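K.L.:
Dropping a structure here in structure tokens format, bear with me for questions.
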Amino acid sequence: MKITSIALVTLFSISVQAFAPQTTSYTTPRGSVLYADTQEAPTEAKVSRPKVQQLGLLTFDLDDTLYPIGPCVEAANNAFVTAMEKYGFPGLSAFDIVETGKIVREEIANEDPEKAAALTHTEIRELAIRREMEKVILERKLQSTAEDWATQVSSLSPIVRKHAQDWAKTAVSESVVQSVLTQWEMERHHAAERYIFPHVIESLKKIKEEHPNVVIGAVTDGRANPLLMTFTLAPYFDFCMSWEDDQGGRQQFFKELDTVDAKAELRWIYDAARHKYAILKEAQDAIDSAQSDEAEIQPLVWPATYDDLAWIHVGDDLAFDVGGSAACGAKTVLVELPRSVGQTAPFRFDLSVQQPAWSTTSRKELEARIAMNEKARPKVNAEINTMERLPIAINEILRGDA
């Protein structure tokens with residue numbers, strides 16, 4: 001990411017709010033890096049065309065946008081089984097962790113619906129791993145007690161069982177839980193690299209070539225991080241923002257989502273991504289200023305002075321990707337790929353079909369998401385059915401054609 005001195009002068013002089021819609025007209029110097037020169041029609045009268053905006057920030061959703069979530073979760077669940085066997089908990093199936101996660105969330109929902117709605121994927125998974133370990137430890141404890149007393153497990157009294165259950169909870173090692181969770185997450189990243197959608201890498205290369213100064217980031221609701229995918233996505237990404245990084249904002253969102261009359265908004269995570277971009281850009285500005293032979297150029301500072309380069313967000317989810325980013329000033333690209341490549345987005349919010357086996361979303365949350373999807377549909381600026389078209393869609397948005 002390299003920003004020229006001329007670009008910095010132009011950006012600083014404009015000094016407008018980040019990514020805000022342009023409500024006033026102004027002229028930029030001829031040859032500005034922000035816009036291409038106005039073209040002339042091959043007639044006597046001059047016809048003005050929209051000026052082409054330059055791309056500053058490009059953000060991506062990850063799951064089901066750059067790779068299919070289904071096979072990645074399946075591979076990670078298989079790694080969970082292997083890890084559990086390694087630590088002495090054999091006999092589990094790949095989807096035990098998913099089913100147990102659903103049960104845990106339902107139990108919490110019965111006691112505290114708001115807490116259940118705000119649980120992160122990592123928290124649910126960690127609780128599920130612990131629960132599976134407790135089951136095995138309890139079974140062994142009851143069997144051992146029955147053998148000591150020369151009786152059957154079924155003959156043990158409720159009091160004995162209750163003491164065994166309490167003991168099993170304390171017998172679970174937190175370090176072992178974290179180790180199994182880490183192996184689950186590592187395999188999920190490895191699988192994402194193996195199953196990455198066609199044309200993703202080629203498109204990222206082309207985007208970098210056409211927009212060399214762009215900052216590329218990820219915005220995700222899970223723990224996936226492209227910077228950890230060293231053989232595929234890492235060379236093209238500058239940062240990653242996870243919903244799990246801001247628990248306060250996440251809890252407030254799902255609290256509103258779980259309330260019938262409330263209006264849930266995702267501004268907090270996209271504002272955080274925009275702020276991250278500002279920090280990276282400010283640092284690069286300072287470096288470029290220090291290396292410049294010309295007069296000192298003051299770096300842009302968030303939020304007092306900022307640039308008006310375009311921000312485009314790419315994702316598969318109408319509510320979370322399109323609605324959330326558009327509310328913060330981003331242009332949007334909706335990715336709806338053929339089912340043959342493994343994307344679940346087109347039918348993930350269809351209540352008439354069975355939901356993916358890995359999903360822990362409740363029906364109430366699904367209904368709220370469907371309503372949010374419909375509301376976000378008009379905010380789609382471009383829609384693609386293959387990642388090969390992404391560079392084209394981006395350029396159409398920058399030209400004002402989408």
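The values are calculated or read from the model by the stated rules, or taken from the named source; none is laboratory data. Note that the structure is predicted; figures quoted are calculated from it, not measured. All accessible areas refer to the heavy atoms of the entire protein, side chains included, with ligands and DNA or RNA removed. Shrake-Rupley method; radii C 1.70, N 1.55, O 1.52, S 1.80 Å.
K.L.:
Tell me, what % of the accessible area of the range 117-254 is carbon and sulfur with a 1.4 angstrom probe?
P.N.:
Its accessible area is 53 percent carbon and sulfur atoms.
K.L.:
Hey, another quick one. Put 221, 308 in order of accessible area, largest first, 1.4 Å probe: what do you get?
P.N.:
Accessible-area ranking of 221, 308, largest first: 221, 308.
K.L.:
Then there is this: Hey, can you grab everything whose amide H is under 5 Å from the amide H of residue 241? Only 5+ residues off in sequence or another chain; H modelled, so Pro and N-termini drop out.
P.N.:
Excluding prolines and chain starts, which carry no amide H, the hits are 218, 219, 220.
K.L.:
Something else now. Step through the residues of the range 389-400 one at a time and calculate ³J(HN,Hα) from phi using the Karplus curve (6.51 cos²θ - 1.76 cosθ + 1.60, θ = phi - 60°), rounding each to whole Hz and writing x for Gly and Pro.
P.N.:
Calculated HN-Hα couplings, in order: 8, 4, x, 5, 4, 4, 5, 5, 5, 5, 7, x Hz.
K.L.:
So who's got an amide H within less than 5 Å of the one on residue 67, skipping anything under 5 residues away but keeping other chains? H placed 1.01 Å off N, in plane.
P.N.:
197
K.L.:
To continue, here is another question. Can you compute 3J(HN,Hα) from phi for each residue in the range 56-61, using the Karplus curve 6.51 cos²θ - 1.76 cosθ + 1.60 with θ = phi - 60°, rounded to whole Hz and x for Gly and Pro?
P.N.:
Karplus-based 3J(HN,Hα) across the range 56-61 equals x, 10, 10, 10, 10, 6 Hz.
K.L.:
How large is ³J(HN,Hα), in whole Hz, for each residue of the range 107-114 in order, when computed from phi with the Karplus curve 6.51 cos²θ - 1.76 cosθ + 1.60 and θ = phi - 60°, using x for Gly and Pro?
P.N.:
The phi angles translate into 5, 5, 4, 5, 8, 8, x, 5 Hz.
K.L.:
Rounded, prolate or oblate: pick one for the range 56-125, where a ≥ b ≥ c are the square roots of the eigenvalues of its C-alpha gyration tensor, a/c under 1.5 means rounded, and failing that, prolate if a/b is larger than b/c, else oblate.
P.N.:
oblate
K.L.:
Same structure again: So how do 63, 238 rank on accessible area, 1.4 Å probe, biggest first, that is with the largest at the start?
P.N.:
Descending order: 238, 63.
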